[in-house]
Structure formats: C-alpha cells, structure tokens
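Participant: This is the structure, below, for whatever I ask next.
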Amino acid sequence: MSAFALRAQPALLGSAARLSGHRRGGRRASAARPRRAAGVAYPASAAASADASGGAGDGESQRSEATEVTPTSTTATEVEVAAAPAALSIKELSAPVLASHGDAAAAAARAEGAIAQTSTAVAVAAAPAPTPPKSLAASIPTPVLGAAVLLAASLGVKTILDKPSRAYTDGPGEGKVGSVGQEYDAWTEEGILEYYWGEHIHLGYYSDEDMAKGAGTLIGCNVKNFIEAKFDFVDKMFEWSGCPPEPARVLDVGCGIGGTSRHLAKLLGTKSQVQGITLSPNQVERATELAKTQGVENASFQVMNALQMEFEDNTFDLVWACESGEHMPDKKKYVQEMIRVLKPGGTIVIATWCQRETPPAFNAVEQANLKFLYEEWAHPYFISIEEYVRLMEGTEAMATVGSANWVRETIRSWRHSIWVGVYDPWPVVFAGPRMWYKTVREIVTLERMHRAFDCDLMTYGMMKGTKKVAPEPKKAGWFS
C-alpha cells in the first residue's frame with residue numbers, strides 16, 4: 001500500500017464503512033466487518049464488531065477497501081446520513097490509526113465541529129428570510145399620525161401668531177413718519193381696511209336695542225351695518241361732548257382718511273371749518289380725494305405731529321381726538337398740546353382705548369396680553385381712564401373734566417369686523433397669499449382685543465372737558 005493510501009486510510013475508512021452499510025440489498029453484514037489491514041490498530045469497538053460478524057463477506061470488504069472515495073463538500077443528505085444510527089460512533093471512526101495522526105480526542109472534536117457547522121449552515125439556508133422591522137411612522141395608525149401632524153402644525157402656527165410683529169419703534173421726525181405713519185400708509189395703500197371699516201377707522205356704537213336684536217354677532221351681522229355703526233359713534237360722541245352748536249373751528253387729531261372730519265363738516269354746516277391732522281401722507285392724500293369727491297369744502301387735511309402741533313395757542317373751539325391716543329408715545333404731552341390749542345371756553349373730547357387702573361398690579365398673564373396688544377398694532381403703551389383725567393386736570397387749564405367707560409357700547413365692533421369678512425371674503429381671497437397671512441393676523445388680534453375688553457383688562461375711555469375762560473381785567477375807577 002502506498003504512503004498516500006496509508007495517510008488517507010483513517011478518513012476514508014469511516015466514510016466507506018458508512019456508505020457500504022447503507023447499500024441496498026443484503027450487504028449490510030459485509031459492511032459491519034471491515035477487513036483488518038496489516039499493522040493497523042482498529043478501535044476496540046470496531047474490532048469486536050468485526051469478530052462478531054465472522055468471516056463472511058471478506059470479498060465484499062475487499063471490494064469496498066479498493067473503492068476510491070473522492071472527498072466532496074458536505075451536503076444536507078450527508079448530514080442526515082451521518083445522523084442515522086451507525087455501528088461506530090463519530091469519535092471511534094475519526095480516531096487516528098497511526099501515531100502521526102495526532103491526538104484522538106482533538107481529531108474527534110474537529111470532526112464534530114465540522115458537522116455542527118454544516119448542520120447550522122443547512123438550517124440557516126432552509127430558514128425563511130427575516131421580515132425587516134417596521135419604521136416608527138409605519139407602525140403608527142394613519143389617523144393617529146394625521147392627528148399628530150395636524151397638532152404639530154397648529155402649535156407652530158399658534159406660536160407664530162402669538163408673537164407680535166409690528167411693535168412701536170420710533171416716532172415721527174427728521175423727514176420720517178415713524179412706526180405709526182408707516183402702518184397707516186400700508187393699510188391705506190392696500191385698501192382692505194377701508195373696504196371693511198369704511199371711512200372711519202374706529203369702533204362703532206351699539207345701542208341696547210341694537211344688541212337686543214343681535215347686532216354685531218355672526219347671525220346678526222346684518223342687523224346693523226358695521227360701517228353705519230361708526231357714523232352712529234361720531235354722532236353719540238359729539239352729543240356726549242356737550243359742545244355748543246356750530247363751533248367755528250374744529251381740530252380732528254389723528255383723522256385717518258378723514259371720515260369723521262367730513263362727517264362733522266357736513267353735520268355742523270359750512271359755518272364750521274374742520275382741520276384734520278395725521279402722521280400718514282397716504283391718509284392725507286386719500287382724505288383730500290374723498291372730500292373732493294363728496295363735495296365737502298369745509299374740511300382740509302395735513303401731515304402733522306400731534307405732540308408738536310404748529311398751531312397757535314387758543315385756536316380751536318372744539319378739539320376732537322378719536323382713537324389716536326393709543327399711538328402716542330407721550331400721553332402727557334398729547335393732552336397738553338390739545339389743551340394748548342383749545343380756545344378758552346372751548347370743548348375737548350377724547351375717545352381712546354385704555355387699560356384698567358392699577359393697583360392691583362397686572363399679573364403675568366395680563367402683562368403678556370398687554371405686551372401683545374402693544375406690539376402688534378404699534379402701540380407704545382396704554383394708560384387708564386383715571387390717568388387721562390389726572391393729566392387733564394394737571395394742566396390746571398380746565399374748568400371741567402368728565403369721563404366714562406363705553407366698553408358696553410363698543411365691544412361688539414371687534415367681532416363684527418370679523419363677521420363682515422366671513423360674509424364677504426372675496427377682496428381678501430383675490431388679494432393673494434400675503435394678504436391672507438396679514439388678514440389672519442388681524443383676525444387673531446381683533447379677537448384678542450375683544451377678550452381683553454370683555455375681561456376688563458382694557459376699557460374704552462371717554463374723556464371731555466371745558467377750558468377755563470380767562471377772567472376779564474378789572475376796570476380802574478373810584479370803587480374798584
């Protein structure tokens with residue numbers, strides 16, 4: 001036998017024995033008794049098995065011994081054959097027959113490891129491919145995911161709308177109109193404010209009868225015309241002022257596009273001359289245009305700073321200020337200037353948004369709400385009705401001073417201005433995305449204004465007074 005045959009014999013012996021033991025027919029007995037090779041020591045169990053079977057089948061054993069077996073890769077079929085009952089164990093079949101083949105235990109361990117690896121590989125190959133894990137979004141039900149996205153978007157929009165965008169930054173001066181003038185220029189140029197609010201950029205008046213019919217509500221939006229309510233306000237304000245009829249000269253401080261100025265000019269007649277002033281050049285242009293269109297010749301308009309008026313002292317019989325005080329950065333100077341240009345015996349009447357009197361001090365929520373109302377519509381700050389009265393009295397030029405809170409009569413204006421847009425949205429719809437965004441901001445602010453007045457954080461201040469008449473000098477004489 002060649003040296004190669006001797007080296008290959010231990011490995012081939014086990015494979016030949018197993019294969020011959022599973023042949024079809026009646027040859028199992030010959031496989032159980034392999035022929036002993038000279039000088040080869042078989043394991044004890046193998047020798048005992050061979051002796052027990054006798055000498056039968058020696059020829060078959062020789063043919064088996066002469067058969068060449070080519071080693072191939074282990075297949076699933078071979079693994080199953082190896083696992084079938086056999087006369088010899090794995091350790092016994094893999095035991096070295098020569099001392100040069102190494103330790104028997106190590107060889108057996110290597111054989112068992114190879115079979116185990118092959119079995120594992122077969123099992124893995126036969127197993128189905130694992131299902132990839134679902135993503136987090138895919139594992140969430142669609143309605144829940146949609147609600148979460150909607151909630152996140154809503155919170156994002158709310159965050160944007162809760163942040164004021166038009167804070168008061170500076171007043172007029174050195175050829176500029178300041179924050180207030182810029183805002184009113186923009187509103188006038190856009191035309192949306194005039195379309196919905198008319199010529200009067202101030203709140204309307206609602207009587208008890210109007211409110212009983214539902215005026216100013218969504219359902220009762222058309223019970224009273226929103227623009228007509230503003231004309232009613234001017235009439236009621238003039239009536240409340242106590243001004244004598246037909247004042248010769250009237251000053252409208254913060255006239256806007258001149259709605260009140262023209263209405264007073266028509267109401268008082270041609271004997272009265274009405275002068276309107278505003279910070280906005282665009283408003284002056286629009287007010288003048290409307291006066292010409294309506295044939296109102298006793299009303300005129302000009303750009304002027306109410307805190308530094310160019311008029312002489314004691315010029316006007318009636319000084320009128322409707323919702324302009326909110327924008328004044330110096331309320332004291334505002335009051336002083338109006339009283340300065342008022343004639344002795346003349347009447348001053350002021351309508352303006354006010355905050356409640358303190359103490360008690362504003363809490364954190366109230367402070368946050370006031371901050372938004374200041375900074376969204378270019379308001380430096382508000383003061384209370386009581387503070388306006390103190391400022392008027394503090395000039396020591398007033399003979400009488402009175403005040404009132406018209407929240408009840410005016411509060412419906414805030415939501416009424418929203419409902420008119422709901423009933424007639426087309427001017428905004430056709431104006432484009434920029435106007436859509438701006439309108440949404442205005443709606444939010446209008447609603448927040450309504451709530452501030454409704455909870456008494458804000459009040460609607462009405463102040464009036466008559467300027468002192470200078471005493472006549474005493475005549476010289478014997479009994480003086």
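Participant: Averaged per residue, what accessible surface does the range 177-467 expose to a 1.4 Å probe, in Å²? Mind dumping the intermediate values first?
Facilitator: Numbers: 12410 Å² over 291 residues.
With the other protein chains kept in place, the range 177-467 gives 43 Å² per residue.
Participant: Using a 1.4 Å probe, how large is the accessible area of Trp406, given in Å² and rounded to the nearest 10?
Facilitator: Ignoring ligands and nucleic acids, Trp406 comes out at about 20 Å².
Participant: If you don't mind, another one. Grab the other residues whose beta carbon is less than 14 angstrom from that of Val335, score K and R as +1, D and E as -1, and report the net.
Facilitator: Details: positive: Lys331, Lys332, Lys333, Arg340, Arg390, Lys464, Lys467; negative: Glu326, Asp330, Glu337, Glu386, Glu387, Glu393, Glu396.
So the environment of Val335 carries a net charge of 0.
Participant: Also: Between Ala248, Val234, Val341, whose Cα lies farthest towards the positive end of the dipole of the range 177-467 when Lys and Arg beta carbons carry +1 and Asp and Glu beta carbons carry -1, centred on the Cα centre?
Facilitator: Val234
Participant: Using the crude model of +1 on Lys and Arg Cβ and -1 on Asp and Glu Cβ, and no other charge, please compute the dipole size for the range 177-467 relative to its Cα centre, in debye to 20.
Facilitator: Values: 28 positive and 40 negative charges, 30 e Å.
It comes to approximately 140 debye.
Participant: Classify the range 291-438 as rounded, prolate or oblate, taking a ≥ b ≥ c as the square roots of the eigenvalues of its Cα gyration tensor: rounded when a/c is under 1.5, otherwise prolate if a/b is larger than b/c and oblate if not.
Facilitator: On the way: a/c = 2.10, a/b = 1.25, b/c = 1.68.
The shape class here is oblate.
Participant: For a protection proxy built on the mean count of beta-carbon atoms within 10 angstrom, sort 461-471, 196-206, 427-437 highest first, please. Don't skip to the answer; put the middle values down first.
Facilitator: Numbers: 461-471: 18.2, 196-206: 22.0, 427-437: 12.1.
Top to bottom by mean Cβ count within 10 Å: 196-206, 461-471, 427-437.
Participant: Distance in nm between label sites at Leu267 and Ala147, each 7 Å beyond Cα in the beta-carbon direction?
Facilitator: Here the modelled spin labels are 5.5 nm apart.
Participant: In the neighborhood of His202, defined by Cβ-to-Cβ distances under 9 Å, what is the net charge if each Lys or Arg adds +1 and each Asp or Glu adds -1?
Facilitator: The answer is 0.
The values are calculated or read from the model by the stated rules, or taken from the named source; none is laboratory data. Keep in mind it's a predicted model, so treat the numbers as computed, not measured. Note that we place each Cβ from the backbone using ideal geometry, even for glycine, and neighbour counts take in every protein chain shown. Protein only, heavy atoms only, side chains kept; ligands, DNA and RNA dropped before computing areas. Shrake-Rupley method; radii C 1.70, N 1.55, O 1.52, S 1.80 Å.
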